[in-house]
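Below is one structure; the comments refer to it alone.
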Amino acid sequence: MLKDSAKHFCRSISYDDPLEVCISKIQGLLLSDYRMSKRALALLLLQEDKEIVDTVRDKEGERFDKIMGIVQETKTHYLRPLTYIISLRRQKEASRIAKLTVGFPGQQKLSIKEKLSKILMDPIIGGPILLAILYYGLYKFVGNFGAGVLVDFLEDKVFIARLNPLVTSLINKAIPYKLLQDLLVGEYGIITLGVRYAFAIILPIVTTFFFAFAIVEDTGYLPRLAMLVDQLFKKIGLSGRAVIPLVLGFGCDTMATMVTRTLPTKRERIIATLLLALAIPCSAQMGVILGLLSDNGIGLGVWLGVIIAVFILVGLLASKIMPGELPSFYMEIPPLRIPQVSNVVRKTASRLSWYFKEVFPLFIFASVIIWIGQITGVFSLVVKILQYPIRWIGLPDKAAVAFLFGFFRRDYGAAGLYDLKKAGLLSGNQLVVACITLTLFLPCIAQLLMNIKERGLRLGIAMSLFILFFSFTVGYSVNLVLTLFNIRL
């Protein structure tokens, strides 16, 4: 019910002094008739509403430049966009009025869905639920079933046992030129490596990940996850809103970097971009790593612990170094619902279509680039250079190839480690160190280009250089600790 005092709250919203001064100045310059409040008009100009800006330009003539000069000057007083500042103040005022004017005569009984919704956002109970979702959704379904059962079947029984020998025999008979044979069916050939990685190793992993993610997405859990991690994210300079691009990063970091545009401040966008490039493995890379460590529970725990620690540490340091206020966050929470099979299948199919259109050609392209690199000697030179930091972190020289692959595609590099493990070239400790370093390693080419596009050339390159040295430093530190304490994983 509405209280009698409601009429006392119908007044204009006041803002802080710098904004009020600028609003007053703009109002004084608006001399034409607009058939609306000049204060409202000034606020729309400060938010750079395109239609209002065009209207004022036509009506005010030479005064328009002075007005927009005030708008630009006002922006310099704030670290966040004026649209965000104004919207946040309005939201606070609306909450204040609602609290003072609206009362509920009796205690409302919460439905089961509402109770469950509160539980999912509770930091004490919601945390273990999140861990259960990650364990059964990612580790068991994606890691064990996708990267284990499905990959083993397609890799061993389809490609290695049947398809690769058949295609190699046919190509060698049909094409007498060794150079072209190497391009198609050589050690790093388009078919024997590119197509095999894309279909036998990466496809089953991304399919199971996309399916699991679509189920979680369709329940309405993601907004509740955003509310759950909001307080933690504030410690690293982000708000709960950042959970959306960060979670999308587990699907594709390139796409997630583009989604950072939705974050309200430049500071948040930079921190989120850095964390995506450094500590968020894409679905295919993470799936392969889960598969690699699926029979080594302690090693998997070490990998996960180090990645989480790096995520928090780098976020904390970035939030201290970069100036700005703590981000505020509010969002509408949709109702929980049982996932619809049709929605889950449609979303999974849509993302798989994206995989074949956008990602699969990159595997072919990477094979061609490697082939050219082998012919010109550039590939061998880069591998030799990489061998120095690879030895520094205690890995065999052949691991350098996997890391070079990782620059073309993160999942490509993880698949390279998969081959090394099958060949028995990596011990338990080496495998864990390799997985940690590769997870933190340079973003793939596509993500690097997106970082440069979104954050600028200087910042994009600076991030990559920091990540390159930081990843090997962490790998060296983990290997040193395991060696000093004689730990065998």
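The values are calculated or read from the model by the stated rules, or taken from the named source; none is laboratory data. On a predicted model such as this, the values are computed, not experimentally measured, just so you know. Glycine gets a Cβ as well: all are built from the backbone with ideal geometry, and neighbour counts include every protein chain shown.
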**Request:** With the condition kept exactly as written, say whether any residue in segment 348-363 is under 28 Å from Val433 (Cα atoms) and without any contact (Cβ under 8 Å) to a residue 24 or more places away in the chain.
**Result:** no
**Message:** Name the residue that is nearest to Ser294 (Cα to Cα), counting only residues in segment 135-185 that are polar (S, T, N, Q) and surrounded by 15 or more Cβ atoms within 10 Å (Cβ to Cβ).
**Reply:** Asn144
**Request:** Tell me the helices (runs of 4 or more DSSP H) entirely within segment 400-489 that contain at least 2 residues that are surrounded by 15 or more Cβ atoms within 10 Å (Cβ to Cβ), charged (D, E, K, R) and at pLDDT below 85.
**Result:** 410-422
**Complete:** Of the residues in segment 444-477, those that are in contact (Cβ under 8 Å) with a residue 12 or more places away in the chain and within 24 Å of Ser294 (Cα to Cα) come to Ser471, Phe472, Val474, Gly475, Tyr476
**Prompt:** Looking at segment 258-278, which of its residues are within 14 Å of the chain's Cα centre (by Cα), modelled with pLDDT under 85 and of a type in the set (Ser, Thr, Tyr)?
**Reply:** Thr262
**Request:** Check segment 164-182 and report whether any residue there is part of a helix (DSSP H, G or I), in contact (Cβ under 8 Å) with a residue 40 or more places away in the chain and either assigned by TED's automatic domain parsing to the domain that holds Arg346 or under 21 Å from the mean Cα position of the chain (by Cα) (or both).
**Result:** yes
**Asked** Within the set of pairs 6 or more residues apart or between chains, which connect a residue that is farther than 16 Å from Thr437 by Cβ inside segment 281-303 to a residue that is of a type in the set (Val, Ile, Thr) with Cβ atoms less than 6 Å apart?
**Response** Ser283/Val206; Ala284/Ile202; Ala284/Ile205; Ala284/Val206; Gly287/Val142; Gly287/Ile205
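Residue-by-condition table, conditions (1) closer than 16 Å to Phe441 by Cβ; (2) of a type outside the set (Asp, Glu):
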{"residue": "Arg346", "(1), (2)": "no, yes"}
{"residue": "Tyr355", "(1), (2)": "no, yes"}
{"residue": "Glu358", "(1), (2)": "no, no"}
{"residue": "Ile364", "(1), (2)": "no, yes"}
{"residue": "Val378", "(1), (2)": "no, yes"}
{"residue": "Val382", "(1), (2)": "yes, yes"}
{"residue": "Gln387", "(1), (2)": "yes, yes"}
{"residue": "Asp397", "(1), (2)": "no, no"}
**Message:** Which count do you get for residues in segment 290-346 that are closer than 30 Å to Gln91 by Cβ, modelled with pLDDT under 85 and either among the hydroxyl-bearing types (Ser, Thr, Tyr) or surrounded by 12 or more Cβ atoms within 10 Å (Cβ to Cβ) (or both)?
**Reply:** 9
**Message:** When you scan segment 341-348, do you find a residue that is touching a Lys or Arg at 6+ places or on another chain (Cβ under 7 Å) and over 20 Å from Thr473 (Cβ atoms), even just one?
**Reply:** no
**Request:** Would you mind telling me which numbered condition in (1) farther than 23 Å from Leu362 by Cα; (2) surrounded by fewer than 21 Cβ atoms within 10 Å (Cβ to Cβ) Leu228 fails?
**Result:** (2)
**Message:** Can you tell me how many residues within segment 294-323 are touching a Leu at 6+ places or on another chain (Cβ under 9 Å) and outside any helix (DSSP H, G or I)?
**Reply:** 3
**Request:** Could you identify the single residue in Ala42, Ala94 that is within 26 Å of Thr265 (Cβ to Cβ), at pLDDT 85 or above and either in contact with a helix residue (DSSP H, G or I) (Cβ under 7 Å, 6 or more places away or on another chain) or not hydroxyl-bearing (Ser, Thr, Tyr) (or both)?
**Result:** Ala42
**Request:** Among the residues of segment 40-74, count how many are assigned to a helix (DSSP H, G or I) and surrounded by 15 or more Cβ atoms within 10 Å (Cβ to Cβ).
**Result:** 18
**Message:** Need the failing condition index for Val21 against (1) farther than 18 Å from Glu93 by Cα; (2) touching a helix residue (DSSP H, G or I) at 6+ places or on another chain (Cβ under 7 Å), just the number.
**Reply:** (2)
